[in-house]
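Everything on this sheet refers to the single structure shown next.
The values are calculated or read from the model by the stated rules, or taken from the named source; none is laboratory data. As the structure is a computational prediction, the values presented were derived from the model and not from experiment. No Cβ is skipped: glycine too gets one built from the backbone with ideal geometry, and neighbour counts run over all protein chains shown.
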Amino acid sequence: MTWLAFVLGACLVLLQQGVNSQFVYPNCGLYETSTVRITSGKDAPMGSAPFMAYLMKNNKYHCGGSIVNRRFVLTAAHCVGMNMTVRLGEHDNRSNPDCEGFVCMPSHQDFGIARIAYHREYNGGTKFNDIALIKLNGNIIFNVHIQPICLHLYPANARRVTEYQVFGWGLTHYAGSTAHVLQTTNLTHFPNSQCEREFDGISVSNNQFCAGSSTGTDSCGGDSGGPLVTTIETADGESRYVQLGVVSYGDSSCMGTGVYTYAPNYGQWILENIRKMRMY
């Protein structure tokens, strides 16, 4: 090996280590770049959100979530409870496997829940610290349609962005039914004061943020616990999905703003609870 090749190789290793040190789990947030992206309030392209978790209660869809690593899923604290299962690799809940034309996804993977960690300061009234970590009863088998999301370890690493994308199988409109096919829409950042006005003076903390759409699309009932994401290009040249929010609550009409738990403020909490629950 030449000296130049050695130096270049060492630089690449250090670059990758630098990228991985930003996130709770390395090699996260990858997706098929060929997938068509964002359709506001429409069906998400198959394979466009491999990090999505489909949470069921008594065998019915209940909430969304996101894959953290091979054993853990992140969701909202108000979503978790008894008699729950977690499905990964879901797209259309009417079929298994899911197909578009002659292209089919692998069959989904279902898991029971081994343990749950709620944030100790979760408040069900204000929805402050509305975040929870689920330990599955088995290891996830990753494939191109089942992948972990990137979660920042420290809030200082998170880039300030104003445009987001949200996914979910929640209500497609007010008083409607939950969606069969995974939905997606674009959202924009709004000042917390706007959400406080719309929700009649309810306080929005520094661990939450406000987002919505001027076109009348928003996360809706059943989207709770799901991820609000953005895409970034990391130093290694990869385009990755990074989770910035957890869907917490919103306007009952599904057409206004919503409040989201700010995920980068909980990177150390996530890591600490993964370490604790690995002992059981």
Handout entry: Selection count where residues are more than 18 Å from the chain's Cα centre (by Cα) and of a type in the set (Val, Ile, Thr), scope the stretch 76-112
Key = 1
Completion exercise
Reported set for the stretch 15-36 where residues are within 23 Å of Gly168 (Cβ to Cβ), surrounded by 13 or more Cβ atoms within 10 Å (Cβ to Cβ) and modelled with pLDDT under 55 is Thr35
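Quick grid of which residues meet (1) within 17 Å of the chain's Cα centre (by Cα); (2) touching a residue at least 12 places away in the same chain (Cβ under 8 Å):
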{"site": "Tyr118", "(1), (2)": "yes, yes"}
{"site": "Asn123", "(1), (2)": "no, no"}
{"site": "Lys127", "(1), (2)": "no, yes"}
{"site": "Ile146", "(1), (2)": "yes, yes"}
{"site": "Gln165", "(1), (2)": "yes, yes"}
Completion exercise
By residue number, the members of the stretch 108-146 that are farther than 21 Å from Thr261 by Cα and aliphatic (A, V, I, L, M) are Ile113, Ala114, Leu136, Ile140, Ile141, Val144, Ile146
Exercise for the section: Please specify each residue of the stretch 163-181 satisfying the condition of being of a type outside the set (Phe, Trp, Tyr), under 17 Å from Val246 (Cβ atoms) and either surrounded by fewer than 17 Cβ atoms within 10 Å (Cβ to Cβ) or at pLDDT 90 or above (or both). Expected result: Gln165, Val166, Gly168
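Looking at Ala77, Ala49, Ala53, which is the one that is out of contact with any Lys or Arg (no Cβ under 9 Å at 6 or more places or on another chain) and closer than 18 Å to Gly170 by Cβ? Walk me through how you get there before you give the answer.
On the way: Ala77 fails: out of contact with any Lys or Arg (no Cβ under 9 Å at 6 or more places or on another chain); Ala53 fails: out of contact with any Lys or Arg (no Cβ under 9 Å at 6 or more places or on another chain).
Within the list Ala77, Ala49, Ala53, the selection yields Ala49.
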Fill in the blank from the handout: Among residues of the stretch 232-256 being modelled with pLDDT under 90 and polar (S, T, N, Q), the residue nearest to Ile113 (Cα to Cα) is Ser252
Practice task
Filter the stretch 148-160 for residues that are over 16 Å from the mean Cα position of the chain (by Cα) and not small (Gly, Ala, Ser) and give the result.
Solution key: Tyr154, Pro155, Asn157, Arg159, Arg160
Practice task
Would you confirm whether any residue within the stretch 99-120 is surrounded by 12 or more Cβ atoms within 10 Å (Cβ to Cβ), part of a loop (DSSP other than H, G, I, E, B) and of a type in the set (Val, Ile, Thr)?
Solution key: no
